[in-house]
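The values are calculated or read from the model by the stated rules, or taken from the named source; none is laboratory data. What you see is a predicted model, and the numbers here were worked out from it, not measured in a lab. With ideal geometry, Cβ positions are generated from the backbone for all residues, glycine too; neighbour counts draw on all protein chains shown.
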Amino acid sequence: MRIPKSKIEAGFTLIEIAIVLVIIGLLLGAVQKGQELINSGKAKAVMADFRNTATMLSAFQDRFRAVPGDDAQAANHLAGATTAASASGQTPGNGNIEGLWSSTSASDESVILWQHLRLANLAPGDTTAPASVSDLNSWLPRNQEGGRIGVQSTPLISNWSGRQFICQDNISGRIAQQVDSNMDDGAPSTGSIRFGAMNGNNLSPTSVANGASSSVSGSFNESSSYVVCMSF
């Protein structure tokens with residue numbers, strides 16, 4: 001029996017199928033590699049924000065022998081600088097950055113410090129006095145993910161040593177773990193880099209699969225957002 005020519009030509013040959021599969025594999029590999037490069041870039045940006053902020057704080061202290069935000073002589077050091085002298089419950093000149101890293105109170109030293117750093121040309125941004133800013137949230141510094149960057153002197157975890165603590169929020173679990181692994185020990189509850197969720201004014205490190213965390217606020221999830229803090 002003779003098979004019609006149209007039926008013989010129907011469908012794909014094994015070679016054609018193999019070629020299609022190879023192309024699909026290459027495309028998937030390119031997408032995966034591209035995502036890895038994006039994540040790596042985000043992690044580097046977060047690490048740069050930590051290092052740059054620490055450098056700015058140290059540079060201010062070296063120049064003025066005072067801590068930004070806490071500088072009792074800020075108005076004499078920098079034209080137009082705000083001092084925290086009238087801030088309730090705060091003591092300018094005691095060497096501590098008072099107020100929470102995430103504060104949006106214009107009178108807190110943790111907010112005023114950004115004006116001091118900007119006036120000293122150590123940080124980019126608007127040098128307007130915080131109390132005069134109409135939208136303080138947009139005036140405050142942000143990381144690449146749109147999260148807040150802030151500094152405070154009070155440890156966010158008991159017995160965590162350090163003079164100052166720099167924090168960033170809205171950081172995905174994947175990026176947080178990469179930052180911790182590159183800059184510290186990879187464990188969210190030990191070392192100079194720690195990450196987790198805020199529990200009131202304290203940081204509660206997340207738990208990870210290897211059980212490295214001893215204080216937990218829930219299981220680690222790469223897609224969840226965390227607060228990442230660094231002591232120095």
Task: Criterion violated by S102 - all others in (1) touching a residue at least 60 places away in the same chain (Cβ under 8 Å); (2) touching a Ser or Thr at 6+ places or on another chain (Cβ under 7 Å) satisfied - done: (2)
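To keep it simple, each residue is scored yes or no on (1) under 30 Å from D180 (Cα atoms); (2) at pLDDT 90 or above; (3) basic (K, R).
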{"residue": "I3", "(1), (2), (3)": "no, no, no"}
{"residue": "I24", "(1), (2), (3)": "no, no, no"}
{"residue": "L28", "(1), (2), (3)": "yes, no, no"}
{"residue": "K44", "(1), (2), (3)": "yes, yes, yes"}
{"residue": "T53", "(1), (2), (3)": "yes, yes, no"}
{"residue": "P68", "(1), (2), (3)": "yes, yes, no"}
{"residue": "A75", "(1), (2), (3)": "no, yes, no"}
{"residue": "A79", "(1), (2), (3)": "no, yes, no"}
Task: Residues within the range 150-176 that are more than 18 Å from P68 (Cα to Cα) and in contact with a helix residue (DSSP H, G or I) (Cβ under 9 Å, 6 or more places away or on another chain), tallied - done: 6
Task: Per-region count, the range 176-191, residues under 13 Å from T206 (Cβ atoms) and surrounded by 20 or more Cβ atoms within 10 Å (Cβ to Cβ) - done: 6
TODO: Would you mind listing the helices (runs of 4 or more DSSP H) fully within the range 60-149 where at least 2 residues are touching a helix residue (DSSP H, G or I) at 6+ places or on another chain (Cβ under 6 Å), surrounded by fewer than 18 Cβ atoms within 10 Å (Cβ to Cβ) and not hydroxyl-bearing (S, T, Y)?
DONE: none
Task: Residue list for the range 44-59, filter: among the polar types (S, T, N, Q) and surrounded by fewer than 21 Cβ atoms within 10 Å (Cβ to Cβ) - done: N52, T55, S58
Task: Matching residues in the range 140-178 - criterion: being of a type in the set (D, E, K, R) and closer than 13 Å to G196 by Cβ - done: D169
Open item on the list: Return the pair list, or none, for Cβ contacts closer than 9 Å from residues in the range 47-59 that are of a type in the set (S, T, Y) to residues that are assigned to a helix (DSSP H, G or I) and modelled with pLDDT of 95 or more, at least 6 apart or on different chains.
Closed with: T53/L117
TODO: Kindly check whether there is at least one residue in the range 141-153 that is under 20 Å from E109 (Cα atoms) and without any contact (Cβ under 8 Å) to a residue 24 or more places away in the chain.
DONE: yes
